[in-house]
Amino acid sequence: QVQLVESGGGLVQPGGSLILSCAASGRVFRLGWYRQAPGKQRELVASITSSGNTNYADSVKGRFTISRDNAKNTVYLQMNSLNAEDTAVYYCYGGAIGPTYWGQGTQVTVSS
């Protein structure tokens, strides 16, 4: 069983930036982030494999960057040009293809 521990959420003004981190207790092929806004379904934000292949939701392309440090079993999500539509609980996940492991979630609120 792999445990995922997230950090880095918070309140940011529109146009601002945040970086989320997620540390895994073991090696996982794919790490990534989902988010869930109030009243909406959970959606994939971005993922990255251990070899560095990335995938992004269209809504975040060009604004968010996912990266990972395999030595630390840690994935990062750099979020720039944030807007109100990015407000959500962000969940780190890990697995081979889809999510097998989940983090506890971290709140990101974009508001002036």
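The values are calculated or read from the model by the stated rules, or taken from the named source; none is laboratory data. What you see is a predicted model; the values in this text were computed from it and never measured. For neighbour counting, all protein chains shown are included, and Cβ atoms are generated from backbone atoms with ideal geometry for every residue, glycine included. Surface accessibility is based on the protein's heavy atoms, side chains included, excluding ligands, DNA and RNA. Shrake-Rupley method; radii C 1.70, N 1.55, O 1.52, S 1.80 Å.
Summed over the range 74-100, the residues that are modelled with pLDDT of 95 or more and more than 12 Å from Arg42 (Cβ to Cβ) give a count of 16. Restricting the search to strands (runs of 3 or more DSSP E) fully inside the chain and requiring at least 3 residues that are open to solvent by 20 Å² or more (accessible area, probe 1.4 Å) and acidic (Asp, Glu) gives an empty result. Among the residues of the range 63-99, the one identified as more than 15 Å from Leu20 (Cα to Cα), free of Cβ contacts under 8 Å to residues at least 12 places away in the same chain and not hydrophobic (A, V, I, L, M, F, W, C) is Gly98.
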